[in-house]
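These notes concern the structure reproduced below.
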Amino acid sequence: MVRRGIALLGLWLAAIFVPSCGVIAGLGDYELAGDASVADAPGDRATGDVAPGEGGGEGDGDDGVTGDATGDAADGAADASNPGDSGAVEAGADAPDTGLSVPPSDKGHVACGTDVCGLPLEACCEQPDGSTCQPAQNICDNGVVARCDEAANCLSGLVCCVTDTSSGGLETQCMQSCSGGNPQSCRTDGECGTMGPCKAWMCAGTVVATCGAAGASAGCH
C-alpha cells in the first residue's frame, strides 16, 4: 500500500510539474523574442539619427540657410552698385562731353586766336575774319572784346563772365558774378564751384571753356 501510494503521488506530481514546465518554456521563448526586438531598436534609432535634413547635419535645412545668405549678399551687392542712392549730386553732370581739352591756365594773359594778349594793357579783338591783340581801351569794330578767359585774369573776388557771343568769339569781362544767365569763362574746375566742371567747346574756330559748358548748345553766331 505504501509503494502504491508513493507511485500515485509521483504520478500526481508529474501531472502538476509537466504543464508548469511548458509554461516556463513558453515564457522563456517570449522573453528571447522580446530581447531580440530590443536589440534591434538601437539600430533603428541609429538609422533615424543620420537621416538627411534632420538636426544639424547635411540636410536640406543647411542648404536653405546657405541659399538665403547668398541671396542677401547678392541683394546687398546690387544695392551697393546702384548709383544715385546716396543722394549726392555731381556738379555739371549734364555738361556735354565735347572731347576737347580745356586750355591751360595762364594768369595775366587772354587767348586770342593763335596769339595771347598781355593783361591789363591789351585785350583781344575777336572778329569773324580773325582775332588780334589791341590796346585794352580801343574799340573792336565789327567784333567783340575778350578782356579775360578765367578768374585768374581778374582782381581777387571777381570772375570772368561771357557777356556776348558772336560769330567772332566770346565777349568777356571781369565781374562780381555772372548773373542773368551769362556763362562763366574758365580754365579750372575750382573757379566754377557748383556750376562746374570747366568744359571746353569750339567757338569761331577757337577752343573756349565755360563752367558746365554753358553757352555751348547755342554756339557762336
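All of the numbers you see were taken from the coordinates with simple rules; none came from a lab. All figures in this text were calculated on a predicted structure; none of them were measured in a lab. All Cβ positions, glycine included, derive from the backbone under ideal geometry; neighbour counts span all protein chains shown.
Using equal-weight Cα scatterers in the Debye expression, the normalised intensity of segment 109-184 in log10 at q = 0.22 Å⁻¹ is -0.92.
Between ARG187 and ALA151, the built amide H atoms are under 5 Å apart, and every one of these is 5 or more places off in sequence or on another chain. Under the convention that each Lys and Arg Cβ holds +1 and each Asp and Glu Cβ holds -1, the size of the dipole of segment 146-221 around its Cα centre is about 40 debye. Amide H to amide H, with H built 1.01 Å from N, CYS203 comes under 5 Å of VAL208, counting only residues 5 or more places away or on other chains. Once backbone amide H atoms are built at 1.01 Å from N, GLU122 has ALA136 as its partners under 5 Å, excluding neighbours fewer than 5 places away on the same chain.
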